[in-house]
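The values are calculated or read from the model by the stated rules, or taken from the named source; none is laboratory data. All values derive from a computational prediction rather than experimental measurement. Every residue, glycine as well, gets a Cβ built from its backbone with ideal geometry; the counts of neighbours run over all protein chains shown.
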Amino acid sequence: MNLKQRAATRRTILAGAASVTALSLALTLSAAGTAQAQVPDTVTIIVPFGAGGGVDTVTRAVADRLAQDLGVTVLVDNRPGASTMIAQTYVMGAPTDGTVLLVGTPSLSTGFALTPEAAVGDPRTLFDTVTPMAQQPYILTAGPALPESVTDVASLLDWARENPGELDLVNSGPLTAPRLAAELMGYMAEVPMVTISYQAGSQGALDVAAGRVHAGINQIVEALPQIEAGNLRPLAVTSLNRSPNYPDLPAVSETLEGFDVASWNGVFAPAGTPDEVLDAYNAAFNRVFQDESLREMFAPAGTEFVGGSREDLATRLDSEIQRWENLAQEVDLAIE
Amino acid sequence: MDYFASLWGNIVLGFGTASSLSNLMYCLIGVGMGTVVGIVPGLGSMAAISLLLPITFHIDPTSALIMLAGIWYGTTFGGSTASILLNLPGTASNAVTCLDGYPMTKQGRGAVALFMTTIASFFGGSIGIVLLMLLSPVIAGYALNFGSTEYFALMVMGLVVASSVSGGSFLKGMAMVLVGIAFGTVGLDIYTGAARFTGGSFHLADGIKLIALAMGLFGVAEIVSSIGLVRGRTKLPPVTMGAMLPTKDEARASVGPLLRGAGIGSFFGTLPGTGPSIAAFMAYAVEKARSRTPERFGNGAMEGIVAPESANNAADQTAFIPTLSLGIPGSATMALMLGALIMHGITPGPQLIVREPGLFWGLVMSFWIGNLLLLILNIPLIGVFVKILAVPYNILVPIVLTFICIGAYSVGQVATDVYMVLFFGLLGYGMRLLALPAAPLLLGFVLGPLMEEHFRRSMLIARGDAMTFLERPISATILAVTVAYLLWMAVAALRRRGQEATA
Amino acid sequence: MNRQETRDAFGGALIMLFGAGMVIWAYQTLPMGSPRRMGPGMFPAGVGVLIALTGLGILGQSLWQRARQVAVDTKPDVNLRALIFISAALLAFGLMVGPFGMIPAIIALVCLCALSDRDGSPAATLVLCLTLPVAVYLIFKLGLGLPMAMIRWPF
């Protein structure tokens with residue numbers, strides 16, 4: 001049995017079990033009348049990256065507060081690798097009783113839109129949405145391998161035009177949003193560039209700071225140590241608008257009109273999880289996002305806790321998939 | 001230099017922070033937990049750290065780091081116990097300690113081996129801390145010069161050296177290193193996400209687990225080959241202080257290996273990702289190469305346990321330099337510590353030492369306290385551990401096997417990992433019959449994936465030109481040293497053969 | 001198979017086969033890419049080639065040594081009984097731990113282990129079956145808080 005069949009079989013088996021659970025849960029609801037009754041005693045949130053990274057720390061801080069809010073045990077489990085596909089395969093085969101949640105990232109949309117045959121499947125049907133979580137722009141930085149005159153997006157693109165095929169750009173994996181941001185930038189400005197993958201983004205930022213690679217598109221936390229040490233020049237943020245946390249840093253869109261790539265995290269559950277459970281989680285997560293200490297903690301990383309409804313996340317995922325599918329038709333992305 | 005002028009002030013500041021009652025307590029919890037996790041076969045420091053991580057969000061960052069760090073180096077400190085007594089290495093670096101530690105146990109000198117590794121661990125750790133205190137800013141600077149090309153060259157050197165570690169021919173060692181790298185390629189490719197050698201299995205996508213490989217290759221293979229052969233272990237003399245102490249000659253002969261091991265360990269510890277494993281292999285190989293009687297190695301040579309234990313504990317301490325001053329975690333455990341820092345709004349980086357002197361120096365001084373606690377904790381425990389050997393073998397085997405199974409199973413909660421233990425157990429037993437060494441395979445497995453990542457990236461940056469490894473000065477030097485080492489090995493082998501022929 | 005050289009020759013041949021198999025598997029299932037941007041198959045194929053070469057080297061070395069007659073007779077003792085029952089013990093643990101939980105898996109493992117040694121004592125096995133699950137519960141579940149089901153009934 002191959003991967004997908006196996007997960008599918010397991011889902012069918014579990015779906016039967018879940019409908020029974022849903023019924024009994026509905027009964028408890030009418031009796032107890034609390035949302036908390038819907039949520040299992042122990043929840044495991046699967047993070048598709050290694051411990052200590054940006055998404056991981058955000059999730060752990062949220063998980064901590066979620067545990068207090070719901071009065072249940074919240075575990076965070078790291079299953080890194082292969083552009084989040086290892087975590088996706090794990091969660092799509094998990095029980096649909098709300099005991100396992102996934103932190104989704106732009107990789108959900110990029111993987112499926114660009115390499116549908118290699119991806120684990122359509123995330124829109126594999127997972128139910130729980131809530132949008134956080135959002136942060138990526139940061140474009142230049143290192144000492146580029147001349148001092150490169151101070152912003154326009155001068156970076158000029159340099160790349162004068163040295164065709166030379167510009168190396170750090171990013172974090174073949175199917176990730178930073179890679180696509182780089183490709184999109186090259187496409188919009190009509191400048192070719194070489195994208196170089198790193199398992200650990202912080203190692204990539206260090207390579208830029210040391211002058212081995214020209215520039216990078218990284219998460220802000222990955223680049224921050226070297227920016228503060230003066231080894232990296234921040235050029236721009238990749239989101240449509242400037243980050244409220246870094247108002248002085250221009251957006252790429254100020255040079256390339258309409259450029260908009262951001263890192264977002266959303267919480268997902270295996271498809272078939274009962275609505276009551278999803279709603280209870282959505283409410284709890286959104287209460288947690290209002291926590292002032294949480295918001296302050298991640299402001300330096302450029303993270304905003306956006307929150308929102310289950311539909312908001314579904315819409316976002318759907319529109320991103322369509323956007324990348326369109327881009328792949330326009331440009332030869334040559335995902336190797 | 002004002003850095004050294006202010007050193008004393010920093011030491012006082014750090015000691016003040018580290019010796020506060022609550023920090024002492026967190027340090028004790030950390031090293032205690034680390035010792036337990038290190039000793040139980042099949043459990044890594046990740047298990048203990050994940051357990052304590054939630055606490056760290058509620059205590060101040062210095063205390064959190066002191067505790068997590070305690071687990072990290074405490075695990076290495078205790079990790080040699082199962083290697084020496086039961087031939088069960090928890091990590092690649094402990095596999096080196098097995099080579100001579102387990103033969104010592106078989107010769108009835110297990111207590112001496114444990115005592116000496118405890119001393120070596122303390123000693124290596126101490127030198128690592130001294131270097132951490134004196135050289136952090138310098139080392140942080142030189143680590144900047146190491147890119148993918150240099151890392152790749154360094155790993156080539158490590159693996160070539162590892163090939164010569166075990167007895168038998170160099171070619172056999174090399175073959176086993178390569179087989180280890182081959183097993184390391186199983187799983188999803190990090191560059192493209194393509195599934196490699198998984199046979200479509202859902203669970204092999206994560207790759208083969210280190211624990212399953214190490215426990216099978218060493219533990220299960222050892223159990224199978226010694227059942228029915230090991231008898232009459234029931235009468236052991238009580239372990240007195242005298243039984244633990246090495247002879248005067250051994251003590252004197254250990255000083256050099258201790259120092260060299262600590263030096264090698266301190267250097268490799270600062271390179272993120274490679275750290276303790278390469279250091280332990282390298283330290284062992286250096287001692288074996290220096291020795292006038294290399295044939296003692298593998299048969300219970302004291303230098304063969306002292307040097308690698310000194311090296312991996314030194315590496316554990318200096319590994320904090322890239323983590324704290326460059327923000328690059330060298331291991332999953334270090335990544336958790338970085339996460340705890342970022343969570344408290346502290347950005348790691350070159351500025352950390354200047355901006356957060358209380359945290360940095362408090363942490364460094366807590367290493368002293370932690371290492372001292374480990375020494376005090378471990379020496380009395382030697383007597384207890386050695387009693388394990390008094391347990392009849394037919395009772396010990398099921399207990400050890402149960403721990404191995406639980407250790408493998410608990411990582412991912414899938415039976416596949418238990419079957420992998422079986423697979424590698426059979427492989428390990430077959431390798432024993434064919435006199436193929438297991439330790440190089442383990443190092444190849446650990447370094448293989450990193451090696452591939454760095455190799456492919458170097459080639460990409462160099463636009464497909466393999467000459468880049470020879471054009472960049474640091475990597476060219478490392479590769480030249482590696483070739484020189486190979487030549488020297490070949491000459492030594494030929495000379496030995498010549499002596500055999502004349503004899 | 002008693003002589004070291006014969007075993008080396010056998011080992012070298014096996015290693016060669018392993019390397020060759022890896023190259024073939026990599027070629028058949030994975031794209032190679034270019035030296036500049038390597039595909040997932042390039043590195044494993046390269047490693048496979050090197051493995052096959054070292055295997056060949058070991059084979060050659062052993063044949064050469066055999067010709068030079070520097071034989072050391074070291075007859076390996078294949079411990080067949082232990083091999084079979086220890087393998088069975090691990091297999092049983094793996095099969096049972098999922099559906100039935102930790103305690104039945106441990107008991108199965110302990111009982112099969114007892115069969116691996118001619119001198120196995122039934123009394124010791126009984127004591128272990130009773131105490132080991134308790135110890136495991138205390139250390140791993142209570143002490144380290146690892147999530148694991150001690151006992152369950154799948155039917």
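Regarding B:GLY141, is this residue within 14 Å of chain A (Cβ to nearest Cβ) and within 30 Å of A:GLY111 (Cα to Cα)?
In short, no.
Does any residue of the range B:63-71 turn out to be within 14 Å of chain A (Cβ to nearest Cβ), more than 20 Å from the chain's Cα centre (by Cα) and not charged (D, E, K, R)?
yes
Return the total of residues in the range A:217-237 being modelled with pLDDT of 90 or more and under 23 Å from the mean Cα position of the chain (by Cα).
Summing the residues that are modelled with pLDDT of 90 or more and under 23 Å from the mean Cα position of the chain (by Cα) in the range A:217-237 gives 5.
Under 7 Å between Cβ atoms, which residue pairs at least 6 apart in sequence (or on different chains) link something in the range B:291-306 that is assigned to a loop (DSSP other than H, G, I, E, B) and buried (at least 24 other Cβ atoms within 10 Å of the Cβ) with a partner that is among the acidic types (Asp, Glu) and at pLDDT 90 or above?
B:ALA301/B:ASP100
When you scan the range A:257-279, do you find a residue that is touching a Gly at 6+ places or on another chain (Cβ under 7 Å), part of a helix (DSSP H, G or I) and crowded, with 19+ Cβ neighbours inside 10 Å, even just one?
yes
Give the range C:115-139 a look and list any residue that's at the interface with chain B (Cβ under 10 Å from one of its Cβ atoms), in contact (Cβ under 8 Å) with a residue 12 or more places away in the chain and touching a helix residue (DSSP H, G or I) at 6+ places or on another chain (Cβ under 7 Å), or say none.
C:SER116, C:ASP117, C:THR125, C:LEU128, C:CYS129, C:LEU132, C:PRO133, C:VAL136
Quick one: in the range B:453-503, which of the residues that are aliphatic (A, V, I, L, M), loosely packed, with under 11 Cβ neighbours inside 10 Å and over 20 Å from B:LEU159 (Cα atoms) is modelled with the lowest pLDDT?
By that ranking, first place goes to B:ALA503.
For the range B:312-344, which residues satisfy the criterion of being within 16 Å of B:GLY124 (Cβ to Cβ) and at the interface with chain A (Cβ under 10 Å from one of its Cβ atoms)?
none
If I filter the range A:186-197 for residues that are crowded, with 24+ Cβ neighbours inside 10 Å, part of a loop (DSSP other than H, G, I, E, B) and under 25 Å from the mean Cα position of the chain (by Cα), do I get at least one hit?
no
Do we have C:PRO122 as modelled with pLDDT under 90, at negative phi and not assigned by TED's automatic domain parsing to the domain that holds C:LEU14 here?
Answer is yes for this residue.
Could you please find all residues in the range A:301-325 being closer than 22 Å to A:LEU66 by Cα and either in a loop (DSSP other than H, G, I, E, B) or out of contact with any strand residue (DSSP E or B) (no Cβ under 8 Å at 6 or more places or on another chain) (or both)?
The answer is A:GLY302, A:THR303, A:VAL306, A:GLY307, A:GLY308, A:SER309.
Is it the case that A:LEU224 is within 17 Å of B:PRO329 (Cα to Cα), touching a helix residue (DSSP H, G or I) at 6+ places or on another chain (Cβ under 9 Å) and without any contact (Cβ under 8 Å) to a residue 60 or more places away in the chain?
So A:LEU224 does not fit the description; no.
Has the range B:97-118 got at least one residue that is closer than 16 Å to B:SER366 by Cα and part of a helix (DSSP H, G or I)?
The answer is no; no qualifying residue exists.
Among the residues that make up the range A:24-33, is at least one of them more than 11 Å from chain B (Cβ to nearest Cβ), at pLDDT 80 or above and either farther than 30 Å from B:SER331 by Cβ or not in a loop (DSSP other than H, G, I, E, B) (or both)?
Looking for residues that are more than 11 Å from chain B (Cβ to nearest Cβ), at pLDDT 80 or above and either farther than 30 Å from B:SER331 by Cβ or not in a loop (DSSP other than H, G, I, E, B) (or both), one finds none in the range A:24-33, hence no.
Taking the residues in the range B:144-185 that are among the small types (Gly, Ala, Ser), farther than 27 Å from C:GLY41 by Cα and over 19 Å from the mean Cα position of the chain (by Cα) as candidates, determine which candidate is farthest from the other protein chains (Cβ to nearest Cβ).
For the range B:144-185, the residue satisfying everything is B:GLY167.
Can you name the condition, by its number, that B:THR198 falls short on among (1) closer than 22 Å to B:THR318 by Cβ; (2) within 10 Å of chain A (Cβ to nearest Cβ)?
(1)
Scan the helices (runs of 4 or more DSSP H) fully inside the range B:1-42 and keep the ones with 3 or more residues being at pLDDT 85 or above and among the hydroxyl-bearing types (Ser, Thr, Tyr).
Fully inside the range B:1-42 and qualifying: B:21-39.
Looking only at residues that are polar (S, T, N, Q) and either at the interface with chain B (Cβ under 7 Å from one of its Cβ atoms) or over 17 Å from C:GLN65 (Cβ atoms) (or both) in the range C:5-48, which one is surrounded by the fewest Cβ atoms within 10 Å (Cβ to Cβ)?
So, considering only residues that are polar (S, T, N, Q) and either at the interface with chain B (Cβ under 7 Å from one of its Cβ atoms) or over 17 Å from C:GLN65 (Cβ atoms) (or both), the one surrounded by the fewest Cβ atoms within 10 Å (Cβ to Cβ) is C:GLN28.
Could you please let me know if A:LEU278 is touching a Lys or Arg at 6+ places or on another chain (Cβ under 7 Å), more than 26 Å from A:ALA154 (Cβ to Cβ) and in the same structural domain as A:PHE112 (by TED's automatic domain parsing)?
yes
With (1) in contact (Cβ under 8 Å) with a residue 12 or more places away in the chain; (2) within 30 Å of B:ILE346 (Cβ to Cβ) as the list, and A:THR273 as the residue in question, which single condition is left unmet?
Single failed check for A:THR273: (2).
Going residue by residue through the range B:255-268, is there one that turns out to be under 20 Å from the mean Cα position of the chain (by Cα), at pLDDT 80 or above, buried (at least 24 other Cβ atoms within 10 Å of the Cβ) and at the interface with chain A (Cβ under 9 Å from one of its Cβ atoms)?
No, the conditions are met nowhere in the range B:255-268.
For the range A:201-231, how many residues are at the interface with chain B (Cβ under 7 Å from one of its Cβ atoms) and surrounded by fewer than 23 Cβ atoms within 10 Å (Cβ to Cβ)?
So the answer is 3.
Being modelled with pLDDT of 80 or more, within 14 Å of another protein chain (Cβ to nearest Cβ) and either assigned to a loop (DSSP other than H, G, I, E, B) or in contact with a Pro (Cβ under 6 Å, 6 or more places away or on another chain) (or both): is that true of B:THR347 here?
Judged against the criteria, B:THR347 is not a match.
Considering only residues that are closer than 21 Å to B:VAL224 by Cα, touching a Pro at 6+ places or on another chain (Cβ under 9 Å) and assigned to a loop (DSSP other than H, G, I, E, B), look in the range B:421-464 and name the one that is nearest to the other protein chains (Cβ to nearest Cβ).
Only one residue fits best here, namely B:LEU434.
Can you say whether A:GLU296 is out of contact with any Gly (no Cβ under 7 Å at 6 or more places or on another chain), farther than 12 Å from A:ILE139 by Cβ, in the same structural domain as A:THR84 (by TED's automatic domain parsing) and in contact (Cβ under 8 Å) with a residue 60 or more places away in the chain, as far as the supplied structure shows?
Working: out of contact with any Gly (no Cβ under 7 Å at 6 or more places or on another chain): yes; farther than 12 Å from A:ILE139 by Cβ: yes; in the same structural domain as A:THR84 (by TED's automatic domain parsing): yes; in contact (Cβ under 8 Å) with a residue 60 or more places away in the chain: no.
No: the conditions fail for A:GLU296.
What strands (runs of 3 or more DSSP E) completely inside the range A:91-176 contain at least 3 residues that are aromatic (Phe, Trp, Tyr) and either within 16 Å of the chain's Cα centre (by Cα) or at pLDDT below 90 (or both)?
No strands (runs of 3 or more DSSP E) qualify here.
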